[in-house]
1. Which condition number in (1) surrounded by fewer than 17 Cβ atoms within 10 Å (Cβ to Cβ); (2) within 22 Å of Met219 (Cα to Cα); (3) modelled with pLDDT of 95 or more; (4) not aliphatic (A, V, I, L, M) is the one that Pro102 fails?
2. In the range 158-180, what residues are surrounded by fewer than 16 Cβ atoms within 10 Å (Cβ to Cβ), closer than 17 Å to Leu126 by Cα and not acidic (Asp, Glu)?
3. For the structure I just gave you, tell me whether Ser118 is in the same structural domain as Leu179 (by TED's automatic domain parsing), farther than 22 Å from Lys216 by Cα and out of contact with any helix residue (DSSP H, G or I) (no Cβ under 6 Å at 6 or more places or on another chain).
4. Test Ala49 against the criterion of being without any contact (Cβ under 8 Å) to a residue 60 or more places away in the chain and surrounded by fewer than 17 Cβ atoms within 10 Å (Cβ to Cβ), and give yes or no.
5. Every residue in the range 2-37 that is assigned to a loop (DSSP other than H, G, I, E, B), of a type in the set (A, V, I, L, M, F, W, C) and touching a residue at least 40 places away in the same chain (Cβ under 8 Å), please.
6. Those residues that are more than 15 Å from Ile95 (Cα to Cα), not in a strand (DSSP E or B) and not hydrophobic (A, V, I, L, M, F, W, C), I need them from the range 40-76; list them, please.
7. Any chance the range 8-22 includes a residue that's assigned by TED's automatic domain parsing to the domain that holds Leu154 and within 24 Å of Leu154 (Cβ to Cβ)?
8. So which of Ala49, Ala74 is in the same structural domain as Glu171 (by TED's automatic domain parsing), among the hydrophobic types (A, V, I, L, M, F, W, C) and either over 30 Å from Asn264 (Cα atoms) or modelled with pLDDT of 95 or more (or both)?
Amino acid sequence: MHNVHDKILFSVCDSVATITLNRPDILNAIDLEMAEQLKQRLRAAEQAADIRALVVTSAGQAFCAGGDLRFAMAANPDTPGNSFLALTEILHACIAQIRTMPKPVIAAINGAAAGAGSFLALACDLRIMADDTYLKQSNTSHGLSIPAGGTFTLPRLVGLARALEIAMLDEPIFAMRALELGLVTRVVPATQMGAETQQLASRVARMPMDILGRVKHLMNTSWDSSLEEHLERERGQIAASANSAEGREGVHAFLEKRQPDFINAALALTQTSDTSI
């Protein structure tokens with residue numbers, strides 16, 4: 001059951017958790033309480049054995065307007081920077097958790113995403129976007145630096161020159177342009193967002209979750225490694241994955257010319273672990 005005051009809604013269906021930003025009256029702007037609820041829900045989803053994929057979406061017409069500037073000024077009218085220090089401490093923990101958790105995370109951008117809201121979406125592994133909406137960096141136009149991993153994510157997605165253009169000009173990036181730049185992975189008609197997101201999440205949830213987590217980790221750490229270091233890391237991971245329940249199921253299925261059942265392979269391993277002494 002959801003409390004009427006919940007700023008983050010949480011539900012699970014068919015191994016997919018949906019985290020819904022729920023302040024539609026102020027375009028899902030993020031305050032301290034909302035950020036803390038988001039952190040708790042992300043942690044719960046990561047730890048739950050029955051959850052294999054996450055969707056981050058929103059209630060109302062906007063995905064997220066970013067940090068709640070009214071909250072920031074009201075809390076510290078003379079030194080609003082203190083509000084941003086407090087807010088980003090929690091919000092950045094959310095960004096780090098999305099980037100590092102082994103489970104795939106999908107952003108369903110069903111409305112405008114601005115400021116930290118756009119960077120929350122960009123932190124996700126897959127990003128599906130309604131065709132009638134846009135992303136907007138926003139922070140620099142409000143006299144603020146870019147938070148929420150934006151200066152980390154943007155240059156990695158679009159390159160340094162394009163990232164600086166986005167930061168300095170702060171123009172809205174509409175859906176098809178966002179797809180063209182690689183900021184989102186899929187654009188769908190707004191009327192089909194719900195169905196398309198569920199279909200994508202269900203497809204990802206049937207994939208080998210442990211293996212996807214290993215690949216996600218490899219990609220995220222590749223930026224800080226030499227080629228030799230990273231090749232050795234890949235070598236260790238493919239060996240470990242081949243020895244895992246999902247790896248054995250995948251190879252057996254290929255040799256037996258059938259579709260792999262990664263969900264039951266992982267479940268069988270969990271049940272074995274639970275009953276072992």
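The values are calculated or read from the model by the stated rules, or taken from the named source; none is laboratory data. What you are looking at is a predicted structure, and each value in this text was computed from that prediction instead of being measured. Please note: Cβ atoms are built from the backbone with ideal geometry, for glycine as well, and neighbour counts cover all protein chains shown.
1. The one condition Pro102 does not meet is (3).
2. Met176, Arg177
3. Numbers: in the same structural domain as Leu179 (by TED's automatic domain parsing): yes; farther than 22 Å from Lys216 by Cα: no; out of contact with any helix residue (DSSP H, G or I) (no Cβ under 6 Å at 6 or more places or on another chain): yes.
No: the conditions fail for Ser118.
4. Values: without any contact (Cβ under 8 Å) to a residue 60 or more places away in the chain: no; surrounded by fewer than 17 Cβ atoms within 10 Å (Cβ to Cβ): yes.
It is false that Ala49 is without any contact (Cβ under 8 Å) to a residue 60 or more places away in the chain and surrounded by fewer than 17 Cβ atoms within 10 Å (Cβ to Cβ).
5. Initial filter on the range 2-37 (assigned to a loop (DSSP other than H, G, I, E, B)): 2-7, 14-15, 22-23, 27-29, 31.
From what's left, of a type in the set (A, V, I, L, M, F, W, C): 4, 27, 29.
Answer for the range 2-37, where residues must be assigned to a loop (DSSP other than H, G, I, E, B), of a type in the set (A, V, I, L, M, F, W, C) and touching a residue at least 40 places away in the same chain (Cβ under 8 Å): Leu27, Ala29.
6. Within the range 40-76, Gln47, Asp50, Arg52, Gly60, Gln61, Asp68, Arg70, Asn76 meet the criteria.
7. yes
8. Values: Ala49 fails: either over 30 Å from Asn264 (Cα atoms) or modelled with pLDDT of 95 or more (or both).
Only one candidate passes the filter, namely Ala74.
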